[in-house]
Amino acid sequence: MTMRRSMTLLLLGLSTLPFAAWQWANAANSEASTQGTAASNALLADGNSNDDWPGFGRTYGEQHYSPLAEINDGNVGRLSLAWYRDLGPSNPASIPIKIGDTLYYATGMSVVDAVDARTGKSVWRYDSRVADHVVGTEMRASWGIRGLAWWNGKIYVGTVDGRLIAIDAKSGKEVWSVQTTPKGNGQFITGAPRVFNGKVIIGQGGGDNTPTRGYATAYDAETGKQLWRFWVVPGDPKLGFENPAMEIAAKTWKGEWWKFGGGGEPWNAFSYDPETNTILIGTGNGYPWNQQVRSPGGGDNLFLCSMVAVDADTGQYKWHYQFNPGESWDFNSTMDMQLADLTIDGKPRKVVMTAPKNGFLYVIDRTNGKLISAEKIARVTWATHIDLKTGRPVEVPGARFPPGTEFAMWPMTAGAHSWEPMAYSPKTKLVYIPKIEQGAVYTNGDYVGPNWKPVGLTFGAPIKDPLQNTTALLAWNPVTQKQAWKVDTVAGWNGGVLATAGNLVFQGQLNGRFSAYAADSGKELWHFPAQAAILAAPISYRVGGRQYVTVLVGMGLSPSTNSYTHGGIAIDSRTQKKRVLTFMLDGKAKLPPAPPPFIAKALPDPDYRADAALAKAGQNLFNSNCLVCHGWNAVGGGGAPDLRISPVMMAPPSFDAVVRGGALVANGMPKFGELTPQDLLALRQYLRSRAADLRTAKPDPLSPVPTQDKN
């Protein structure tokens, strides 16, 4: 009995060892996770004074503000190049992040590079191999990623094919990957992930081109496990609603909206308020754009074009503010939302500030969603003002362009402020906005190209107006809702903005001029000729006791490539280098000489014969499928090659292999396998006709002239 009992106790003791070890390991992991969460939260907290730039807008409040002041308004004239890296074929619209000694950035089809922040020397590269995964039309409306996120030793990136990936920050090895969108449904990711309190959130795009239903999803930052999902618009009522918010939203839609998807993709803007444990989600426009098609009979169409507040732990709805009820103009509200503490009417207010596409700057109480103020920052023709009692816009007659009418809309679909980030300085209490002025004539037409059906909306030709396709860097006082100062910038697009504690604001322009302005006055204090267009926002950080400023240079894709907005600036994807530029005081690096000014020259085409009808059919195909990357009237926008001078179109087999066969998918050129041989013939005829116009020097108001910043 004694021996048996002793053996039993021994076996029991042995059996408890693995459990005890598991308990110890689990407790250690839990403690490490808790410590990692606390450290990461501290690094991302608003108002911190650390040396890093760990997220898209640096901190949870998305202010795009650096507390560093070694580089300031008194010595910025000594700012010069510390190092640079050529990027090759890529989409340089990304905002880098920096942790410790390492700078991280994403280019092209979600390729992530880690480099030494002081020297630019490569540490590792991670290729998400989008070309091996992409299905359907995802690449056609987006190519590239606008930013990264960091949390507890991991880097997070989204991909065009809809994956969210965690990468080990030290080794560059993939930690986990999840598919956040259904494959082949036209949804994609181009926005930066955001990480908060151990969770990573991501949205998606696609609502301009395909009948999709938008949502935002939160995942466990350590494991990739899905934690919650917030749907932006309701689905088919017969299938039930995911939560009470969707049931409420469904009452604001008419007809059979779910057959169109509804849209609402929250592709870009998220902010986190730790005080209330709230995630703010900026939502997109409707699909189709025209409400008369997707929701006949009207309705507010919640939660399109809104700021939606949800519980960060559960995703449950808290409150919302809708900028454009019943939206019908592509006025998506996915522009950055900046948290701040302001004194308004003598009282401290916790606010969120945003300038969505529609032309107003909004100040909203972030604790309850109540509107505090809203004023125009650009020309606005669709509304007279925002009613402060109801929070609703007061629309002008005709703004919804009833059938048989047209309306001169300012701003147009580009918005008065697009995805290029604005910045807020807690020091000056000013918001710095990359403002756009563009208008177009809206009509209720039948433009139903394959990527747009059934939109039921057309644009007329861009409005001829002195204000058309102009931009400015606008300093705005959110308390008084008045302009503090303004600097006119060139062409119809300008770059994202960085503000610093050194009383500086940094911004780039399409002509390659990268400037530093006095944050309090707008006086230009320094500039650098970057030799290529700049759309991305800069960042600033400190490493080795020195402050640096980094920006990605080069024209990216999406609407920025619409060549009619370039204001005569010549932009070329082949000759103008896309680079990472990093600056410091008294830097010693030099760029190679700039290439000669780009002048488009068409190749000889002795077999070309004019065919107006065939070229017109090809133009329709081009506008539906190719314009977004290759520019209006096939005048290259810089993000992709100018097809008027491309040798590919000269040989039918090569043209077929690239367009229908997908021979250049790995380079970012989508496959258009659905086009018929007759479609291909028409498309090639149109491009050859545009090349013929170029050879004969036929006047083309959209053709660029060689203009670059050389100072």
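The values are calculated or read from the model by the stated rules, or taken from the named source; none is laboratory data. These numbers were taken from a predicted model, which means no experiment stands behind them. Quick reminder, even Gly has a Cβ in these numbers, built from the backbone with ideal geometry, and neighbours come from all protein chains shown.
Summary of computed values
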{"quantity": "For ARG349: the one exception among (1) in a strand (DSSP E or B); (2) touching a residue at least 40 places away in the same chain (Cβ under 8 Å)", "calculated": "(2)"}
{"quantity": "Within segment 32-65, considering residues that are closer than 13 Å to TRP151 by Cβ and aromatic (Phe, Trp, Tyr), the one surrounded by the most Cβ atoms within 10 Å (Cβ to Cβ)", "calculated": "PHE56"}
{"quantity": "Total residues in segment 67-84, condition of a type outside the set (S, T, N, Q) and surrounded by fewer than 18 Cβ atoms within 10 Å (Cβ to Cβ)", "calculated": "6"}
{"quantity": "Residue within segment 397-416 that is modelled with pLDDT under 90, over 27 Å from THR59 (Cα atoms) and buried (at least 24 other Cβ atoms within 10 Å of the Cβ) present", "calculated": "no"}
{"quantity": "Criterion: crowded, with 24+ Cβ neighbours inside 10 Å and touching a residue at least 40 places away in the same chain (Cβ under 8 Å) - qualifying residue of GLY502, GLY495", "calculated": "GLY495"}
{"quantity": "Test: residue in segment 154-175 that is in contact with a Ser or Thr (Cβ under 6 Å, 6 or more places away or on another chain), of a type outside the set (D, E, K, R) and under 30 Å from SER425 (Cβ atoms)", "calculated": "yes"}
{"quantity": "Single unsatisfied condition, LEU510 versus (1) modelled with pLDDT of 95 or more; (2) more than 14 Å from TYR424 (Cα to Cα); (3) crowded, with 24+ Cβ neighbours inside 10 Å", "calculated": "(1)"}
{"quantity": "Qualifying strands (runs of 3 or more DSSP E) (wholly inside segment 249-339; at least 2 residues being surrounded by fewer than 19 Cβ atoms within 10 Å (Cβ to Cβ), on the phi < 0 side of the Ramachandran plot and in the same structural domain as THR210 (by TED's automatic domain parsing))", "calculated": "317-322"}
{"quantity": "Any hit, segment 642-661, residues being outside the structural domain of VAL134 (by TED's automatic domain parsing), modelled with pLDDT of 85 or more and among the polar types (S, T, N, Q)", "calculated": "yes"}
{"quantity": "Failed criterion for THR582 (all others in (1) part of a helix (DSSP H, G or I); (2) farther than 30 Å from LEU675 by Cβ hold)", "calculated": "(1)"}
{"quantity": "Members of segment 515-555 found to be polar (S, T, N, Q), closer than 30 Å to GLY639 by Cα and assigned to a loop (DSSP other than H, G, I, E, B), listed by number", "calculated": "GLN531"}
{"quantity": "Check on VAL157, part of a strand (DSSP E or B), over 26 Å from HIS64 (Cα atoms) and of a type in the set (A, V, I, L, M)", "calculated": "no"}
{"quantity": "Test result for TYR442, at pLDDT below 90, out of contact with any Pro (no Cβ under 9 Å at 6 or more places or on another chain), buried (at least 19 other Cβ atoms within 10 Å of the Cβ) and in a strand (DSSP E or B)", "calculated": "yes"}
{"quantity": "Pick from segment 229-239, criterion in contact with a helix residue (DSSP H, G or I) (Cβ under 9 Å, 6 or more places away or on another chain) and not in a helix (DSSP H, G or I), ranking: surrounded by the fewest Cβ atoms within 10 Å (Cβ to Cβ)", "calculated": "ASP236"}
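Here's the yes/no breakdown for (1) within 30 Å of TYR105 (Cβ to Cβ); (2) touching a Leu at 6+ places or on another chain (Cβ under 8 Å); (3) not acidic (Asp, Glu):
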site: ASN469; (1), (2), (3): yes, no, yes
site: ALA475; (1), (2), (3): yes, yes, yes
site: THR480; (1), (2), (3): no, no, yes
site: TRP493; (1), (2), (3): yes, yes, yes
site: GLY496; (1), (2), (3): yes, yes, yes
site: VAL505; (1), (2), (3): yes, yes, yes
site: SER540; (1), (2), (3): yes, yes, yes
